[in-house]
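See below for the structure under consideration.
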Amino acid sequence: MPFPSNVKARIFVKSARMCALCFKQCGTGIEAAHIVAEADGGTNDDENAIPLCFDCHQEVGSYNPRHPKGNSFTDQELRQRRDALYSLVERGVIQAQIVAHRLEARQPIIPTPAATSDIVTEAARPFVPSAEAVAVLKEAEKAFAPVETLPRKLALLCREDRAFIVDQLVEGAVTGPAISALMLLISQEVLENQEVVVLEALLRKMTLRGDAAARARFMNLVPVQTLAKTEAEMRTAFFEDVFEIMRRDQYSEVNQVTPAVIKVQEAIPQTLTRRYVEALIGQAESGAWQGAPTAKRALRELPASMSSDAFDLLDAKRLLWCSEPEFVKEFLSSHRDDWPTNRRQMYSDFLDLNPGNFAEKYFQWAN
């Protein structure tokens, strides 16, 4: 059996979609491989998973111990290589070096195994930024400091200093100023077509370490078109946490998160649209002073591509026990043309009958 989607999402986020053996950036050509094969008792959890490119997966799986040639990868070695990659990605050194190399070339490249080996070797060496780079970084990290001049200052630095600043901003992205500075660089396209690479590193940081306030600031500032270009698994992990925050319904959190997520709903993976609509309905029924009204407004303006998910959720049980019947009636009225055929009569009755008559007619449907 393949790994569950949530396991694959986690290891692809932790590895930045790089192969744990050859360090090649794989994009969609990445696979979640079993360290211990299922036939040998291997599990389908994170501990037994390793991200590999197609070629390395083939090499690991095709070794024949009956006719040995060379030396096979041991389970311990695979785990150590995987954990080493996770550590490099967590520290941000791989992304920084990739950005640096690409900025130097001023064109997108696909790193070869040899090139990525050089990247890892170079990343292992301590880098000492210039005094100018340190000064620019300090200014960008200051609370309430104007960052409009950051793109022009960045262009005056060497590629290593530019990569250092971007890397440090990503590392400190749980703070407001760092997020603002990164979004300025991304929105003004001064990263030489590497906006998606940097945004994926930032998205990973938000998923693993960002609190509700940081996530809200991120969603308020991120260019939605660029966010939509990032890997779907990364966005899935991020938005799953956002919807969980909405479900918990802590007012201090949802009043920040709910208006922000509505701004980037176009970037929500299709597999999560139902959970998004469910989170909006839950917020519309809550008492959050900002979360509730913004959720209601989003539901009124819900795109047709998402309205079908709302109708799936608005069954007899939810209609009978909804805490905001007037809003639900308003929503149904505004989307009347999109009603599913099998619920048209029920929705019409919900709008026209008094609550007692509706409950009498549909109570058995809700059990």
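Couple of notes before you dig in:
- Test: residue in region 181-189 that is small (Gly, Ala, Ser), touching a residue at least 40 places away in the same chain (Cβ under 8 Å) and surrounded by fewer than 20 Cβ atoms within 10 Å (Cβ to Cβ): no
- Residue among Val198, Val222, Val257 that alone is at negative phi, in contact with a helix residue (DSSP H, G or I) (Cβ under 8 Å, 6 or more places away or on another chain), of a type in the set (Val, Ile, Thr) and at pLDDT 95 or above: Val257
- Residues that are in contact (Cβ under 8 Å) with a residue 60 or more places away in the chain and part of a helix (DSSP H, G or I), drawn from region 214-239: Glu233, Met234, Thr236, Ala237
- Hey, Ala100 modelled with pLDDT under 80 and hydrophobic (A, V, I, L, M, F, W, C) or not: yes
- Within this structure, Ser307 passes the test of being assigned to a helix (DSSP H, G or I) and modelled with pLDDT under 90.
- Condition check for Val174: at pLDDT 85 or above, closer than 22 Å to Ala228 by Cα and either of a type in the set (Ser, Thr, Tyr) or within 25 Å of the chain's Cα centre (by Cα) (or both): no
Matching residues to (1) among the basic types (Lys, Arg); (2) crowded, with 18+ Cβ neighbours inside 10 Å; (3) within 27 Å of Ser348 (Cβ to Cβ):
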| position | (1), (2), (3) |
| --- | --- |
| Phe239 | no, yes, no |
| Met246 | no, yes, no |
| Tyr251 | no, no, no |
| Gly291 | no, yes, no |
| Arg297 | yes, no, yes |
| Arg300 | yes, no, yes |
| Glu330 | no, no, yes |
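- For region 201-211, filtered to residues that are more than 22 Å from Gln25 (Cβ to Cβ) and surrounded by fewer than 20 Cβ atoms within 10 Å (Cβ to Cβ), the residue that is modelled with the lowest pLDDT is Arg209.
- Flag for Glu360 being modelled with pLDDT under 95, more than 33 Å from the chain's Cα centre (by Cα), of a type in the set (Asp, Glu) and not assigned by TED's automatic domain parsing to the domain that holds Arg235: yes
The values are calculated or read from the model by the stated rules, or taken from the named source; none is laboratory data. These numbers were taken from a predicted model, which means no experiment stands behind them. Positions of Cβ are generated from backbone atoms using ideal geometry, with glycine treated the same way; all protein chains shown enter the neighbour counts.
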